[in-house]
Amino acid sequence: MSHRPNRLYLSSDALVANWRALARLSGVAACGAAVKADGYGLGARAVVERLIGAGCRDLFVATWAEADGLADLADAAGVSLVVLHGLREADLPMLGSLPKVRPVLSTAAQVARWRDAAPGRPCDVMVDTGMNRLGIAPGEIVAGLLDGVDVDTLMSHLACADEPAHAMNEAQRARFAALAGRTAARRMSLANSAGIALGADYHFDLTRPGLALYGGVPAAGLTGAICPVATIAAEVLQCRVVRAGETVGYNATWRAAVDTPVAIVNLGYADGYRRALSDRGCAFAGDAPLPVIGRVSMDLLALDARAAAVREGDWVRFDDDLVHVAAASGVSQYELLTGLGQRYERHWS
Ligand SMILES: *Cc1c(COP(=O)(O)O)cnc(C)c1O
């Protein structure tokens, strides 16, 4: 592989430390990992290898195609691999080749399909406790919809876990807790990353963090417990001095007040460095901050290099604090991670 002009530095230690912190905060509950969307953009296989190595035993993906890409790793380690989006008619051909994968059934039709297609095989079930996204109504479950089905984990999902004071949290928790003992499920699971910070009442038997594993901080309760996993670095392709009164980039949105050294860097919105970070993002040369100036282009951006002597061929690192970058851009931490492009040279340390 030729050396590429931008890189994603990925820290195994940070990923594992985040999982361990979330496992500790989960108390007596087991701590799984959501690795859907290619491990939130970081690379699901690399993430899964490291989390299994750390002791994680429950992995969640969105689709059967995602499960197919990870099944060999999960099988080898005796780990549960679970498909959150259930079992469509079109997924049936996958059942035979992925014999250990469990779907999370979320409609009565899916339960019927599972009874027909895989009698006796364990599955998981999603209950809708108020989010009105995927899931079966609690009443249908109490009425016996799951009788005779081998349910490993009964789960539900919180709509407002990142707003700890929101009344929905307790309402959903109470509806879910009321199902304890009403099914033959071996385990119950409710909390995502932010849900873990809501406290022990929300942990049940298994937690399902995603974002916080990858360095996101969705709730103040996790501040300090989570460290960044991914850092973007990019190469300086050209340095210039922009004379006072001249402008930089598309639509000439930035104008030099004084003669300003500017570094043009190989990074743009096609790499997931969002256009919303125009005039708002920040890179660093060592500790020296280099603000993004003007519009972020598709493959390039400009930095105000007054704080450091930057030269062509140097590398700069970008702010990896997802809370900062989300606040600066107005783009959610989830979108920042899952939007990372495919052009980076990925370096796991
Ligand atoms: C994505 C997802 C999670 C993980 O959520 P985070 O907010 O990223 O921690 C957990 N459970 C379900 C059902 C999900 O879809």
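Which condition from (1) over 14 Å from Pro261 (Cα atoms); (2) free of Cβ contacts under 8 Å to residues at least 24 places away in the same chain; (3) crowded, with 16+ Cβ neighbours inside 10 Å; (4) of a type in the set (A, V, I, L, M, F, W, C) is the one that Trp315 breaks?
Evaluating Trp315 over (1) over 14 Å from Pro261 (Cα atoms); (2) free of Cβ contacts under 8 Å to residues at least 24 places away in the same chain; (3) crowded, with 16+ Cβ neighbours inside 10 Å; (4) of a type in the set (A, V, I, L, M, F, W, C) leaves (2) as the failure.
For residues that are part of a loop (DSSP other than H, G, I, E, B) and farther than 11 Å from Tyr273 by Cα, scanning just the range 320-349, find the one that is least open to solvent (accessible area, probe 1.4 Å).
Going through the qualifying residues, I end up with Tyr344.
For the range 202-212, check the following and say yes or no: at least one residue is free of Cβ contacts under 8 Å to residues at least 24 places away in the same chain and either in contact with a helix residue (DSSP H, G or I) (Cβ under 6 Å, 6 or more places away or on another chain) or under 20 Å from Gly27 (Cα atoms) (or both).
Taking every residue of the range 202-212 in turn, none turns out to be free of Cβ contacts under 8 Å to residues at least 24 places away in the same chain and either in contact with a helix residue (DSSP H, G or I) (Cβ under 6 Å, 6 or more places away or on another chain) or under 20 Å from Gly27 (Cα atoms) (or both).
Out of curiosity, is Gly245 within 16 Å of the ligand (Cβ to nearest atom) and outside any strand (DSSP E or B)?
No, not satisfied.
Kindly provide the set of residues from the range 299-349 that are among the hydroxyl-bearing types (Ser, Thr, Tyr) and farther than 17 Å from Ala283 by Cβ, ordered by number.
Passing the criteria: Ser332, Tyr334, Thr338, Ser349.
Pick from the range 159-172 the residues that are touching a residue at least 40 places away in the same chain (Cβ under 8 Å) and either over 24 Å from Gln333 (Cα atoms) or in contact with a His (Cβ under 9 Å, 6 or more places away or on another chain) (or both): which of them is farthest from the ligand (Cβ to nearest atom)?
The qualifying residue farthest from the ligand (Cβ to nearest atom) is Ala171.
Considering Val296, Val292, Val236, which residue is in contact with a Lys or Arg (Cβ under 9 Å, 6 or more places away or on another chain), within 25 Å of Leu340 (Cα to Cα) and in a loop (DSSP other than H, G, I, E, B)?
Val296
Just to check your reading of the model, which residue among Ala180, Ala197 is within 16 Å of the ligand (Cβ to nearest atom) and open to solvent by 40 Å² or more (accessible area, probe 1.4 Å)?
Exactly one residue qualifies, and that residue is Ala197.
On the given criteria, is Arg175 touching a helix residue (DSSP H, G or I) at 6+ places or on another chain (Cβ under 9 Å) and more than 9 Å from the ligand (Cβ to nearest atom)?
Considered against the rule, which asks whether it is touching a helix residue (DSSP H, G or I) at 6+ places or on another chain (Cβ under 9 Å) and more than 9 Å from the ligand (Cβ to nearest atom), Arg175 comes out as yes.
For the range 260-282, name all the residues that are touching a residue at least 40 places away in the same chain (Cβ under 8 Å) and either part of a loop (DSSP other than H, G, I, E, B) or over 26 Å from the mean Cα position of the chain (by Cα) (or both).
Answer for the range 260-282, where residues must be touching a residue at least 40 places away in the same chain (Cβ under 8 Å) and either part of a loop (DSSP other than H, G, I, E, B) or over 26 Å from the mean Cα position of the chain (by Cα) (or both): Thr260, Pro261, Val262, Ala263, Val265, Asn266, Leu267, Gly272, Tyr273, Arg274, Arg280, Gly281.
What do you reckon, is Leu213 open to solvent by 10 Å² or more (accessible area, probe 1.4 Å), within 13 Å of the ligand (Cβ to nearest atom), outside any strand (DSSP E or B) and in the same structural domain as Arg57 (by TED's automatic domain parsing)?
Here the answer is no, as Leu213 does not meet what is asked.
For the list (1) in the same structural domain as Ala109 (by TED's automatic domain parsing); (2) in contact with a strand residue (DSSP E or B) (Cβ under 9 Å, 6 or more places away or on another chain); (3) not hydrophobic (A, V, I, L, M, F, W, C), I need the number of the one condition that Asn169 fails.
Here Asn169 meets the rest and fails (2).
The values are calculated or read from the model by the stated rules, or taken from the named source; none is laboratory data. Here the structure is a predicted model, which is why all the values come from computation and not from measurement. Note: ideal-geometry Cβ built from the backbone for every residue, glycine included; neighbour counts use all protein chains shown. These area figures cover heavy atoms from the full protein model, side chains too; ligands, DNA and RNA do not enter into them. Shrake-Rupley method; radii C 1.70, N 1.55, O 1.52, S 1.80 Å.
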